[in-house]
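K.L.:
I am attaching a structure below and will ask some questions about it afterwards.
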Amino acid sequence: MSEGAKFEDDDVLILVDVQNDFCPGGALAVPRGDEIIPIVNRLAARFRNVVLTQDWHPHGHSSFASSHPGKRPFETIVMPYGQQILWPDHCVQSTPGAEFHPALHAPHATLIVRKGFDRAIDSYSAFYENDRKTPTGLVGYLRERGLSRVFFAGLAFDFCVRYSAEDARREGFDAFVVEDACRAIDMDNSAEATRVSLSALGVPCLHAREFA
Ligand SMILES: [Zn+2]
């Protein structure tokens, strides 16, 4: 991506989970998560096509530590679909924590993908739930609209952005992560593991300043 590059009509920016609960003061705050807002807003203004994702859990969701007696947030358990990190209650449907950050400005976004709404399955990726089989419908939306290059930004770099970008690549889209428009939770070196994994899959990490 060269300096001054313009985004084309078949490019789409997917803003992952820019929600109150993932920002400082929220229930599952990503450190310095709010710092991305002005970067994301400038980036969004350069794209004709923008999609938002929204973590959207029912009360008592199975990814919440509070749903598992004796378990604490950030412990890992085995679910029917595999390993699952347990989180504090967050992004509960129709609560302020689930709302987009009030400073997020992407009025031209055409789609909001809500994920994690099945009580029994978490969903990090914008494309597939954590059973890795149940689709959200986003692949179909992008294909039907002829969107082939997918740029990702948002929260958190090492979970929902990572899984979304990896699934986009596996589905045959050209995928890119705008890393300075993301922030990481960084559990057990997960940010560096994310860079390694994205690189291995052919997903470049870019910086928003490259587009300035
Ligand atoms: Zn969640």
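The values are calculated or read from the model by the stated rules, or taken from the named source; none is laboratory data. Just so you know, these numbers come straight off a predicted model, no measurement behind them. Cβ placement follows ideal geometry from the backbone for every residue including glycine, while neighbour counts extend to all protein chains displayed. Quick note on the areas: whole protein, heavy atoms, side chains included, nothing else; ligands and nucleic acids left out. Shrake-Rupley method; radii C 1.70, N 1.55, O 1.52, S 1.80 Å.
K.L.:
In 10 Å bins starting at 0, how do the alpha-carbon pair distances of the chain split up by percent?
P.N.:
Reading the bins upward from 0: 9, 37, 39, 13, 2, 0.
K.L.:
Determine one quarter of the surface area of the Cα convex hull of the stretch 103-148, which equals its mean projected area, and express it in nm² to one decimal. Before the final figure, lay out each step's value.
P.N.:
Values: hull surface 17.2 nm².
The orientation-averaged projected area of the Cα hull of the stretch 103-148 comes to 4.3 nm².
K.L.:
Within the accessible area of the stretch 131-194, what % is carbon and sulfur when the probe is 1.4 Å and the other protein chains stay in place?
P.N.:
Numbers: 1090 of 2510 Å².
That fraction is 43 percent.
K.L.:
In deg cm²/dmol, rounded to 500, what helix-only [θ] at 222 nm does the chain give when every DSSP H run of at least 4 residues adds -39500 (n - 2.57) and the total is split over its residues?
P.N.:
Computed ellipticity for the chain at 222 nm equals -5000 deg cm²/dmol.
K.L.:
Over the C-alpha atoms of the stretch 58-101, what are the Rg and the largest Cα-to-Cα span, Dmax, in Å?
P.N.:
Expressed in Å, the Cα Rg and Dmax of the stretch 58-101 come to 11.3, 33.
K.L.:
In terms of the Cα gyration tensor, with a ≥ b ≥ c the square roots of its eigenvalues, is the stretch 88-212 rounded because a/c is under 1.5, prolate because a/b exceeds b/c, or oblate? Intermediate results must be reported in sequence, preceding the final value.
P.N.:
On the way: a/c = 1.21, a/b = 1.15, b/c = 1.05.
It comes out rounded by the Cα gyration axes.
K.L.:
Can you give the local net charge around residue 125? Use residues other than it whose beta-carbon is closer than 15 angstrom to its beta-carbon, Lys and Arg +1, Asp and Glu -1. Kindly include the intermediate steps, with their values, before the conclusion.
P.N.:
Values: positive: 114, 115, 132, 133, 162, 169, 170; negative: 17, 55, 118, 122, 129, 131, 158, 166, 167, 171.
Computed value for this residue: -3.
K.L.:
Starting from the Cα gyration tensor of the stretch 149-212, take the square roots of the eigenvalues, sort them a ≥ b ≥ c, and report rounded, prolate or oblate (rounded when a/c is under 1.5, otherwise prolate if a/b is larger than b/c, else oblate).
P.N.:
oblate
K.L.:
Net charge around residue 98, counting only other residues with Cβ within less than 12 Å of its Cβ (Lys, Arg = +1; Asp, Glu = -1)? Working shown, then result.
P.N.:
Values: positive: 114, 115; negative: 17, 21, 55, 89, 99.
Cβ neighbours under 12 Å give a net charge of -3.
K.L.:
Another one. Show me the ranking of peptides 151-159, 44-52 by mean Cβ neighbours inside 10 Å, starting with the highest.
P.N.:
On the way: 151-159: 27.7, 44-52: 19.6.
The densest-packed peptide leads the list: 151-159, 44-52.
K.L.:
Amide H of residue 156: which non-local residues (sequence gap of 5 or more, or other chain) have their own amide H closer than 5 Å, using H built in the peptide plane?
P.N.:
Answer set, sorted by chain and number: 161.
K.L.:
Over the chain, with the other protein chains present, what is the accessible area per residue in square angstrom, probe 1.4 angstrom?
P.N.:
On the way: 9360 Å² over 212 residues.
That works out to 44 Å² for each residue.
K.L.:
Find which of 18, 104, 127 sits farthest along the positive direction of the dipole of the chain, computed with +1 on the beta-carbon of Lys and Arg, -1 on that of Asp and Glu, about the Cα centre.
P.N.:
After comparing all options, I get 127.
K.L.:
Right, next: Can you list residues from other chains, or at least 5 along the same chain, whose modelled amide H is less than 5 Å from the amide H of residue 173?
P.N.:
Here nothing satisfies the definition.
K.L.:
Let me ask something else about it. Using a 1.4 angstrom probe on heavy atoms only, work out the carbon and sulfur share of the accessible area of the stretch 1-111 in %.
P.N.:
Numbers: 2700 of 5180 Å².
About 52 percent, which is the carbon plus sulfur part of the accessible surface.
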